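Take a look at the structure set out below.
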Ligand code: SF4
């Protein structure tokens with residue numbers, strides 16, 4: 001499954017209305033699913049200006065999203081946040 005397909009599936013507005021306000025709408029999905037965990041600078045820059053960053057991060061943490069950039073965090077950062085809250 002390509003990053004475009006994953007992105008389309010995850011960003012379903014009917015299931016997650018906040019997605020309609022995401023600063024990443026229309027952005028290249030590959031930015032948010034980088035092959036290398038260190039290659040996420042542009043996605044994080046977009047997230048920093050996003051009005052629904054908090055909702056996005058809440059979603060990613062509750063869904064245990066293992067891949068990609070969500071709510072201004074990398075997968076590694078989310079694992080760390082989840083460990084701290086356990
Ligand atoms: S926080 Fe980032 S990934 Fe989440 S909706 Fe906003 S721009 Fe997209």
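Of all residues in segment 3-19, how many are assigned to a helix (DSSP H, G or I), at pLDDT below 85 and within 17 Å of residue 54 (Cα to Cα)?
Pass one, segment 3-19, residues assigned to a helix (DSSP H, G or I): 3-10, 17-19.
So of that shortlist, the ones also at pLDDT below 85 come out as 3-10.
Going one step further and asking which of them are within 17 Å of residue 54 (Cα to Cα), we end up with 10.
Counting residues in segment 3-19 that are assigned to a helix (DSSP H, G or I), at pLDDT below 85 and within 17 Å of residue 54 (Cα to Cα) gives 1.
Hey, which of the helices (runs of 4 or more DSSP H) in segment 34-86, taking only ones fully inside, have at least 1 residues that are near the ligand (Cβ under 8 Å from one of its atoms)?
Working: elements: 41-48, 53-62, 75-85.
Here the list reads 41-48, 53-62.
Out of all the residues in segment 20-39, which are modelled with pLDDT under 90 and touching a helix residue (DSSP H, G or I) at 6+ places or on another chain (Cβ under 8 Å)?
25, 29, 30, 33, 34, 37
The values are calculated or read from the model by the stated rules, or taken from the named source; none is laboratory data. All figures in this text were calculated on a predicted structure; none of them were measured in a lab. Cβ atoms come from the backbone with ideal geometry, glycine included; neighbour counts cover every protein chain shown.
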